[in-house]
Amino acid sequence: MLRSLLGTRIRERRRQKKLSQTALAQKAGISVSYMNLIEHNHRGIAGRTLLAISDALEVSSEELSEGADHALMTHLQEAANFDGDNKVEVNRTEEFIGRFPGWAKLTETLFENVQSQNEKLQALSDRLGQDPFFADAMHLMLSNITAIQSTSDILATTNDIPKATADKFLNNMRTESTRLAETIVNLLAYFDETRSDEAQNQTKRAQSQLDSFWESRQFFLPELEQGQENKTNMDKILKGFDFERNNEESDIEASLRRYVSVASKMPVDTFLDNAIENNFEPISISQELNIPIEDVFFRLAHLPDTYKNVEQPQFGLIECDGSGGVLFRKPLQILSLPRKSSACPLWPLYRAISQPMQPVRTFIEPPTGESFLTYSYAYRPVAGNFNLPGTVKSAMIFTPDFQLFTPAQERKSIPSIQVGINCEVCPRDNCTARRSKSILNI
């Protein structure tokens, strides 16, 4: 049992604190001989003695008892089974955790990173293999290449081609070559989004850092749900995360401060109980809790995966300023979001900008065939004055899991609109909102 290694964990943490056995015994108010028996797992402890020792070591009693290590043990056993070719001493997992808690945590973290990277690689592989836009673009490129090859073969192998005919062939080659070059450039821009301007590159790197940070934490930070401890825990996160400071407060710092503010106003347990009662309807939640709608959107996008064993919807989030520039994004695997520029102009996110303070609820249907229920809301974070109007920001949450909380009869009354992801990869040629040519129709 994990409890049998309680003494081992106490000994390892005492050494980490650079305390002698005598000093720890004095702090805990017990004899040195009793402490020696405890550390060698010859005496079990609980109650006041456990609390006294945990206080002396400045850790919670849960960290010393079995509950803190149960999930860790499960993850390490999963890691041991990850590669069947390696013979791992699974039967000594408890001992490993007890004697080397730091290495155990590091192993768990590395295994989680490996799993996360494997999932991302699989998602990228699926995208390359199944994305209809990418497949159509590759088909266009192959068609251009075939046309160029056929024309060049004719010119190279036929000696008596009339000049007018040869000129026509050459013009066809030039046209197909231009189309091929434009297709390749646009395709690379779609996947790479590289920009030469250094200021734009710095903005992109900062946005990538923010995206990477939130994706690595799955958009939920339990250590920032602790009330008075949030400031200390936020500082610990910032110290352990390598980010660039482009100004006085980085995007990551600003995002964490916002998370702490929202979490303090809407603790996760209280919020989820309220959300379940209100069928995850953000306007009703906002009115009942007297919380701004944009904060409710942010809270819905930053929730744990499970809660009280109740299946709950997964929400994505995108926020923009009045120009459509993306400020924050939480994509879902089945719906991509732009990193820098605006998305499809038909998204209700932008419609809300024209009518601030008026919530918009609608279904969107991208070309891939899925359907998402969206809530959009534009607000003024800074009031205007006599010389300048106030700034406007807009937010949109979206979910494919609307069946979990929206009755079928109610869904019939919600309008639906066909949208794209962005114009560059949208196959809908007859769209009146198109503002740039698709790379699929060059």
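The values are calculated or read from the model by the stated rules, or taken from the named source; none is laboratory data. As the structure is a computational prediction, the values presented were derived from the model and not from experiment. No Cβ is skipped: glycine too gets one built from the backbone with ideal geometry, and neighbour counts run over all protein chains shown. These accessible areas exclude ligands, DNA and RNA; they are computed on the full protein's heavy atoms, side chains included. Shrake-Rupley method; radii C 1.70, N 1.55, O 1.52, S 1.80 Å.
Restricting attention to the stretch 317-356, the residues being at pLDDT below 90 and within 18 Å of F405 (Cβ to Cβ) number 1. Within the stretch 280-287, not a single residue is in contact with a helix residue (DSSP H, G or I) (Cβ under 6 Å, 6 or more places away or on another chain), over 28 Å from Q403 (Cβ atoms) and either modelled with pLDDT of 85 or more or crowded, with 16+ Cβ neighbours inside 10 Å (or both).
Residues in the stretch 386-395: is at least one touching a Ser or Thr at 6+ places or on another chain (Cβ under 9 Å) and modelled with pLDDT of 85 or more? Taking every residue of the stretch 386-395 in turn, at least one turns out to be touching a Ser or Thr at 6+ places or on another chain (Cβ under 9 Å) and modelled with pLDDT of 85 or more. Going through (1) at pLDDT below 80; (2) over 28 Å from the mean Cα position of the chain (by Cα); (3) more than 30 Å from Q77 (Cα to Cα); (4) surrounded by 12 or more Cβ atoms within 10 Å (Cβ to Cβ) one by one, H139 falls short only on (4).
I'd like to check something: does the stretch 412-428 contain any residue that is open to solvent by less than 20 Å² (accessible area, probe 1.4 Å) and in contact with a helix residue (DSSP H, G or I) (Cβ under 6 Å, 6 or more places away or on another chain)? Yes, the stretch 412-428 contains a residue that is open to solvent by less than 20 Å² (accessible area, probe 1.4 Å) and in contact with a helix residue (DSSP H, G or I) (Cβ under 6 Å, 6 or more places away or on another chain). Looking at the stretch 296-316, can you tell me whether even one residue there is in contact with a strand residue (DSSP E or B) (Cβ under 6 Å, 6 or more places away or on another chain), in contact (Cβ under 8 Å) with a residue 12 or more places away in the chain and more than 20 Å from F405 (Cα to Cα)? Among the residues of the stretch 296-316, not one is in contact with a strand residue (DSSP E or B) (Cβ under 6 Å, 6 or more places away or on another chain), in contact (Cβ under 8 Å) with a residue 12 or more places away in the chain and more than 20 Å from F405 (Cα to Cα), which makes the answer no. Of I291, I276, all but one fail to be touching a Lys or Arg at 6+ places or on another chain (Cβ under 7 Å), more than 18 Å from T374 (Cβ to Cβ) and surrounded by 14 or more Cβ atoms within 10 Å (Cβ to Cβ); the exception is I291. Residues that are closer than 17 Å to N274 by Cβ and open to solvent by 30 Å² or more (accessible area, probe 1.4 Å) were ranked within the stretch 301-310; the one that is modelled with the lowest pLDDT is V310.
Summed over the stretch 12-23, residues that are under 13 Å from V59 (Cα atoms) and either modelled with pLDDT of 85 or more or in contact with a Leu (Cβ under 9 Å, 6 or more places away or on another chain) (or both) total 4. Taken over the stretch 396-432, residues that are in a loop (DSSP other than H, G, I, E, B), of a type in the set (A, V, I, L, M) and at pLDDT 85 or above amount to 2.
For every residue, the table says whether it meets (1) at pLDDT 75 or above; (2) surrounded by fewer than 17 Cβ atoms within 10 Å (Cβ to Cβ).
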{"site": "G47", "(1), (2)": "no, yes"}
{"site": "V59", "(1), (2)": "yes, no"}
{"site": "S65", "(1), (2)": "no, no"}
{"site": "A71", "(1), (2)": "no, yes"}
{"site": "A80", "(1), (2)": "yes, no"}
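When the stretch 253-278 is filtered for residues that are in contact (Cβ under 8 Å) with a residue 40 or more places away in the chain and closer than 18 Å to N309 by Cβ, the ones remaining, listed by number, are V268, L272. The set of residues in the stretch 374-393 that are open to solvent by 20 Å² or more (accessible area, probe 1.4 Å) and among the polar types (S, T, N, Q) comprises N385, N387, T391. For beta carbons closer than 6 Å, sequence separation of 6+ or different chains, a first residue in the stretch 15-36 that is open to solvent by less than 60 Å² (accessible area, probe 1.4 Å) and a second that is of a type in the set (K, R), the qualifying pairs are L24/R14. Checked against (1) open to solvent by less than 60 Å² (accessible area, probe 1.4 Å); (2) at pLDDT below 85, Y259 passes all but condition (2). Pairs meeting the criteria (first residue in the stretch 161-175 and open to solvent by 80 Å² or more (accessible area, probe 1.4 Å), second residue part of a helix (DSSP H, G or I) and not aliphatic (A, V, I, L, M), beta carbons under 9 Å, at least 6 apart or on different chains) are L170/T151.
Would the stretch 361-369 turn up any residue that is more than 12 Å from L335 (Cα to Cα), assigned to a strand (DSSP E or B), open to solvent by less than 30 Å² (accessible area, probe 1.4 Å) and touching a residue at least 40 places away in the same chain (Cβ under 8 Å)? Taking every residue of the stretch 361-369 in turn, at least one turns out to be more than 12 Å from L335 (Cα to Cα), assigned to a strand (DSSP E or B), open to solvent by less than 30 Å² (accessible area, probe 1.4 Å) and touching a residue at least 40 places away in the same chain (Cβ under 8 Å). One residue stands out among those in the stretch 92-123 that are farther than 25 Å from R15 by Cα and at pLDDT 75 or above: the one that is least open to solvent (accessible area, probe 1.4 Å), which is F111.
Annotation note: Cβ proximity below 9 Å between a residue of the stretch 228-252 that is closer than 26 Å to P267 by Cβ and modelled with pLDDT of 60 or more and a residue that is among the hydroxyl-bearing types (S, T, Y) and surrounded by 15 or more Cβ atoms within 10 Å (Cβ to Cβ) (sequence gap 6+ or interchain) occurs for N230/Y259; M234/Y259; L238/S250.
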